[in-house]
1. Restricting attention to the range 70-84, report how many residues are surrounded by 19 or more Cβ atoms within 10 Å (Cβ to Cβ), hydrophobic (A, V, I, L, M, F, W, C) and closer than 19 Å to ALA113 by Cα.
2. Look at GLU139 and say whether it is in a loop (DSSP other than H, G, I, E, B), out of contact with any His (no Cβ under 7 Å at 6 or more places or on another chain), modelled with pLDDT under 95 and open to solvent by 50 Å² or more (accessible area, probe 1.4 Å).
3. Kindly evaluate ARG110 against the criterion of being free of Cβ contacts under 8 Å to residues at least 60 places away in the same chain, in contact with a helix residue (DSSP H, G or I) (Cβ under 9 Å, 6 or more places away or on another chain) and open to solvent by 40 Å² or more (accessible area, probe 1.4 Å).
4. Please name all residue pairs, on different chains or six or more residues apart, with Cβ atoms under 8 Å, provided the first residue is in the range 146-162 and is among the β-branched types (Val, Ile, Thr) and the second residue is outside any helix (DSSP H, G or I).
5. Just to be sure before I move on: is ARG97 in contact with a Phe, Trp or Tyr (Cβ under 9 Å, 6 or more places away or on another chain), without any contact (Cβ under 8 Å) to a residue 60 or more places away in the chain and within 20 Å of ASP178 (Cα to Cα) in the structure I sent?
6. TYR133 - would you say it is in a strand (DSSP E or B) and either surrounded by 12 or more Cβ atoms within 10 Å (Cβ to Cβ) or not acidic (Asp, Glu) (or both)?
7. Which residues, taken from the range 202-241, are assigned to a loop (DSSP other than H, G, I, E, B), among the hydrophobic types (A, V, I, L, M, F, W, C) and modelled with pLDDT of 80 or more?
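The values are calculated or read from the model by the stated rules, or taken from the named source; none is laboratory data. Predicted model only: the values in this text are computed from it and were never measured. Don't worry about glycine lacking a Cβ; one is built from the backbone with ideal geometry, like all the others, and counts go over all protein chains shown. Please note that ligands, DNA and RNA were not included when accessible areas were found on the heavy atoms of the full protein model with its side chains. Shrake-Rupley method; radii C 1.70, N 1.55, O 1.52, S 1.80 Å.
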Amino acid sequence: KRQGYNSVLNLECGEAEQVAADFPSETRPKGFGYDNHAASAIVSSTHVEMYLRAAEALSERALRDLSAVLSCDPDALGEEACLTTLIEDFGRRAWRRPLTAAQVERLLSRALAEDSFDDGVAVVIQALLTSPYFLYRSELGQGAGGGLYVLTDHEIAAALSYTLWGTTPDEALLDAADAGELHTADQRAAAARRLLADPRAREHLQDFAVMWLEIESNETASKASWVEDDFPALREDMEAE
């Protein structure tokens, strides 16, 4: 769900949702009301196959219009420099943080080993989208001494975005993390207020409320025949309330 001009891999949301349509349903233990139960989110061989297939499909679609994928011109800038730009720009969005120099170099070497520039672009996209750094959100923090750890600004940005929007940080939040502007409580509060002002927050927090109040079964509940005709409207009223 990436958006904005020159946001590398600028695909419509519907396209991303389509390639993920066949992903296995996520399970959660009985009695656990929320859909983020990490211990039950087992990655099976089917998951891996679907993730690889989705990354390949997205890279193929991206190659149909390279000008929409790249923020640089390989003829003007040079193919190696343009691949580096792709790795740094799209990698930052996909992994929700800047890549290290070693990570950039490894991906660049892999891309340059391909037979063509297009093949190199495809490999970069597939590698970034099948990396654990994309598929998982970690909150490991960094050592603060005395056995204490604090979250990095990029981990805080991801936590804020997924908590309030249910999706990856946008450019403004990544920029704030890059600049070290999520250190203080006031800075985090300001970032949270901006996210909450977006319509995405209302939609995502509504999903949270449905799980919190344990009314998901309301969507599939059936009633006796004498109330069945009136129940659809009542169901909507109950959910709205």
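1. 2
2. The answer is yes for GLU139.
3. So ARG110 passes the test.
4. VAL150/GLY141; VAL150/GLN142; VAL150/ALA144; THR152/ARG97; THR152/GLY141; THR152/GLN142; ILE156/LEU182
5. When the stated conditions are applied, ARG97 does not pass them.
6. No, not satisfied.
7. Start the filter on the range 202-241 by keeping residues that are assigned to a loop (DSSP other than H, G, I, E, B), which leaves 213-215, 220-224, 229-230, 241.
The next check asks that each one be among the hydrophobic types (A, V, I, L, M, F, W, C); those that pass are 213, 215, 221, 224.
LEU213, ILE215 - these are the residues of the range 202-241 that are assigned to a loop (DSSP other than H, G, I, E, B), among the hydrophobic types (A, V, I, L, M, F, W, C) and modelled with pLDDT of 80 or more.
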